[in-house]
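Asker: This is the structure, below, for whatever I ask next.
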Amino acid sequence: AKYQADVVVVGGGGAGLAAAISAYQAGAKHVLVLEKLGFVGGSTNVSEGALNAVDPVRQGRQGIEDSVEALARDILRPSNYSTRQELVYTVAENATPVAEWLESMGVVWTLMDSLYYGQTEYRMLNAEGNGAGMTSKMIDHLNSLENVTVMLETTGTGLITNQANEVIGATAEGKDGSMVIYADNVVLATSGFAANKEMLEKYIPEIVDAYPMVAPGATGEGILWGMELGAAVENMHAYQAVSYTHLR
């Protein structure tokens, strides 16, 4: 089957949902979201639903003075400043507008009274209902948009390029067979590769046998497609580990 869309988003986790809603708000007439699982939400569903943001209103009520620079430093420091600083600043500067944007969809934030790992200020906002609560508000909003179509159980299988090697669409495998989707814009929101054992063995062998607290859909296809087109990758060895101590 052949499809045409303004924007096709591959992956229906938190990033994909945000991309689809943003595309609609930016004027896209037809947005298509491909999700290989039978539900959307991805890793965000099982997350804490927390967001670090400089929030003058909530922090101000408690006399906390914070800044974008301090937030950026707290992100950069644990990685020994190995991450791209301009991307870190993009995150730090946009965290508050993103929190407000999610609030406009009904997400209720609370400023947490605990310092999160590596943070020098109390700035962690926690969504009511955690990750699943936050995601459900986004899904409700997405479902109210007429021009956005979500295709579940539809696995992205690759990118379509023209002779100039520009991406002009994506291929997918759905319930009714193979699909070819031509789009003006393709957004890859396909998560990391924590659920892909081959990629873990290649890039982060030390955690192959760790307990995987990951979404089952995080199998890294989008990264591989990008690499096939010659895209550079960085920090493929990086991961976030969480340790739990169980007291008996």
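Asker: Using the charge dipole of segment 1-112 (Lys, Arg: +1 at Cβ; Asp, Glu: -1 at Cβ; taken about the Cα centre), state which of V88, L71, V8 has its Cα farthest towards the positive end.
Answerer: Working it through, the farthest residue towards the positive pole turns out to be V8.
Asker: Any chance you could count the Lys pairs in the chain whose alpha carbons are under 19 Å apart, treating pairs 8 or more apart or on different chains as valid?
Answerer: Values: K2/K29; K2/K36; K2/K175; K36/K175; K36/K197.
Within the chain, the lysine pair count is 5.
Asker: Quote the charge dipole size of the chain about the Cα centre in Debye, to the nearest 20; the model charges only the Cβ of Lys and Arg (+1) and of Asp and Glu (-1).
Answerer: Taking the Cα centre of the chain as origin, the dipole is about 240 debye.
Asker: Still on this structure, please answer the following. How large a share of the accessible area of segment 109-205, in percent, is made up of carbon and sulfur atoms when the probe is 1.4 Å and the other protein chains stay in place?
Answerer: 46
Asker: Write down the accessible area per residue of the chain in Å², having rolled a 1.4 Å probe over the full set of protein chains. Walk me through the intermediate numbers first.
Answerer: Details: 14190 Å² over 248 residues.
Dividing the accessible area of the chain by its residue count gives 57 Å².
Asker: Which three lengths, in whole Å and largest first, does the chain cover when its Cα atoms are put on their principal axes?
Answerer: 57, 43, 43
Asker: Something else: Set Lys and Arg Cβ to +1 and Asp and Glu Cβ to -1, take the dipole of the chain about its Cα centre, and tell me which of W101, M227, F39 lies farthest positive.
Answerer: Value computed over the given set: F39.
Asker: Would you mind pulling out the separation of the Cα centroids of segment 126-187 and segment 10-59, in Å?
Answerer: First find each Cα centre; the distance between them is then 11 Å.
Asker: Please identify the trypsin sites (Lys or Arg not before Pro) of segment 1-86 that satisfy two criteria: DSSP loop assignment and at most 13 other Cβ atoms within 10 Å. Which are they? Show your work: numbers first, answer last.
Answerer: Details: sites: K2, K29, K36, R58, R61, R73, R84; in loops: K29, K36, R84.
Answer in residue order: K29, R84.
Asker: Taking H as built 1.01 Å from N, whose amide H comes closer than 5 Å to the amide H of V108, not counting residues under 5 places away?
Answerer: When sequence neighbours closer than 5 places are left aside, the close amide H contacts are E128.
Asker: Continuing with the same structure: For the chain, what does the helix formula give at 222 nm: sum of -39500 (n - 2.57) over DSSP H segments with n ≥ 4, over the residue count, nearest 500 deg cm²/dmol? Intermediate results must be reported in sequence, preceding the final value.
Answerer: Numbers: 8 runs with 80 residues, N = 248.
Using -39500 (n - 2.57) per qualifying helix, the result is -9500 deg cm²/dmol.
Asker: Continuing with this model, one more query. Among DSSP beta bridges lying fully in segment 5-135, give the percent that are antiparallel, nearest 5.
Answerer: Numbers: 6 of 11 bridges.
Antiparallel: roughly 55 percent of the beta bridges in segment 5-135.
Asker: Based on the Kirkwood radius over alpha-carbon pairs, what is the Stokes-Einstein translational diffusion coefficient of segment 1-119 at 20 °C with 1.002 mPa s viscosity, in µm²/s?
Answerer: In µm²/s, the coefficient rounds to 129.
Asker: Based on DSSP, what percent of beta bridges with both residues in the chain are antiparallel, to the nearest 5?
Answerer: 50
The values are calculated or read from the model by the stated rules, or taken from the named source; none is laboratory data. Bear in mind the structure is a predicted one, so any value in this text is a computation, not a measurement. Don't worry about glycine lacking a Cβ; one is built from the backbone with ideal geometry, like all the others, and counts go over all protein chains shown. When the accessible area is computed, the model is the full protein with side chains, heavy atoms only, and any ligands, DNA or RNA have been set aside. Shrake-Rupley method; radii C 1.70, N 1.55, O 1.52, S 1.80 Å.
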